[in-house]
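Below: one structure, written as structure tokens.
The values are calculated or read from the model by the stated rules, or taken from the named source; none is laboratory data. This is a predicted model, so every value here is computed, not measured. Reconstructed Cβ throughout: ideal geometry from the backbone, glycine too, with neighbour counts over all protein chains shown. What goes into the accessible areas is simple: the full protein's heavy atoms, side chains included, and nothing from ligands, DNA or RNA. Shrake-Rupley method; radii C 1.70, N 1.55, O 1.52, S 1.80 Å.
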Amino acid sequence: MATERTLSIIKPDATRRNLTGKIISRFETNGLRIVAQKRVKWSKADAEAFYAVHRERPFFNDLVAFMTSGPIVLQVLEGEDAVAKNREIMGATNPKEAASGTIRADFAESIEANSVHGSDSVENAANEIAQCFGKDELVG
Ligand code: ATP
Ligand code: MG
């Protein structure tokens, strides 16, 4: 296993319900370290650029509207196998299918408002981190 970095987003449904701290503690207690962190509100252009891979999906416009509906918390998490570990801590996209004890099983409202994002590969993580943070914002 290698030390990796992955991009995490705490989504608007979670910030709205004051769940930021509870979600962050899941990452930290499972061995991931926060090496960058900021609370922002995305523009439509920001969300469209981030989710460009989903441009052709039927839920794209709703997803962009949701991700711009309130503040989000962007984080870079670091640790052994961080990409896969973060997705394990998050649980499946659809909270109805998420394993018990995962963030999405415990907090998500729906398949769209599912509380967190996590990069799905090391390569995508590097791209997403570069999209969201400048090099001087990463403090490992
Ligand atoms: P994320 O990329 O946010 O970590 P994911 O990798 O588990 O989630 P993706 O397939 O990449 O899932 O979908 C991106 C996001 O789009 C989901 O997290 C969810 O918010 C939304 N989404 C995915 N599938 C649906 C759907 N069928 N209906 C509505 N929204 C969806
Ligand atoms: Mg994804």
Query raised in the report: Can you tell me which residue in the stretch 100-124 is farthest from the chain's Cα centre (by Cα), limited to those that are more than 12 Å from ligand 1 (Cβ to nearest atom) and either open to solvent by less than 60 Å² (accessible area, probe 1.4 Å) or of a type in the set (Val, Ile, Thr) (or both)?
Result: Gly101
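Sort out which residues of the stretch 97-119 are under 20 Å from Ala49 (Cα atoms) and in contact with a helix residue (DSSP H, G or I) (Cβ under 7 Å, 6 or more places away or on another chain), and write them in order of number.
Residues satisfying the conditions are Glu112, Ala113, Asn114, Ser115, Val116, Gly118, Ser119.
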Report summary line: Restricting the stretch 34-59 to residues that are open to solvent by less than 30 Å² (accessible area, probe 1.4 Å) and in contact with a strand residue (DSSP E or B) (Cβ under 7 Å, 6 or more places away or on another chain), the one farthest from Gln131 (Cα to Cα) turns out to be Val35
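Could you check, for the stretch 60-68, whether at least one of its residues is buried (at least 20 other Cβ atoms within 10 Å of the Cβ), polar (S, T, N, Q) and in contact with a helix residue (DSSP H, G or I) (Cβ under 6 Å, 6 or more places away or on another chain)? Give the steps one after another, and end with the answer.
As a first pass, look at the stretch 60-68 and keep what is buried (at least 20 other Cβ atoms within 10 Å of the Cβ): 64, 67.
Cutting the leftovers down to polar (S, T, N, Q) gives us none.
No, every residue in the stretch 60-68 fails to be buried (at least 20 other Cβ atoms within 10 Å of the Cβ), polar (S, T, N, Q) and in contact with a helix residue (DSSP H, G or I) (Cβ under 6 Å, 6 or more places away or on another chain).
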Requested in this report: Scan the stretch 23-51 for residues that are over 20 Å from Val83 (Cα atoms) and in a helix (DSSP H, G or I) and report the count.
Outcome: 6
Report task. State all residues of the stretch 68-88 that are of a type outside the set (Lys, Arg), within 22 Å of Ala47 (Cβ to Cβ), within 16 Å of ligand 2 (Cβ to nearest atom) and not in a strand (DSSP E or B); if no residue qualifies, say none. Result -> Val83, Asn86
Query raised in the report: For Leu74, are the conditions met, namely being in contact with a strand residue (DSSP E or B) (Cβ under 8 Å, 6 or more places away or on another chain) and away from ligand 1 (no atom under 13 Å from the Cβ)?
Result: no
**Report entry** Asp13 vs. criteria among the acidic types (Asp, Glu) and exposed (fewer than 14 other Cβ atoms within 10 Å of the Cβ)
**Finding:** no
Query raised in the report: Which of (1) open to solvent by 60 Å² or more (accessible area, probe 1.4 Å); (2) among the small types (Gly, Ala, Ser); (3) assigned to a loop (DSSP other than H, G, I, E, B) does Ala92 not meet, given it meets every other one?
Result: (1)
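Just checking, does the stretch 89-102 include any residue being touching a strand residue (DSSP E or B) at 6+ places or on another chain (Cβ under 7 Å) and within 13 Å of ligand 2 (Cβ to nearest atom)?
Looking through the stretch 89-102, at least one residue is touching a strand residue (DSSP E or B) at 6+ places or on another chain (Cβ under 7 Å) and within 13 Å of ligand 2 (Cβ to nearest atom).
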Report task. Taking Gly31 as the residue in question, decide whether it is within 15 Å of ligand 1 (Cβ to nearest atom), closer than 20 Å to Asp120 by Cβ and modelled with pLDDT of 95 or more. Result -> no
Query - Single residue of the stretch 105-140 satisfying the filter (assigned to a helix (DSSP H, G or I) and in contact with a Ser or Thr (Cβ under 6 Å, 6 or more places away or on another chain)) that is farthest from ligand 2 (Cβ to nearest atom) - result: Phe107
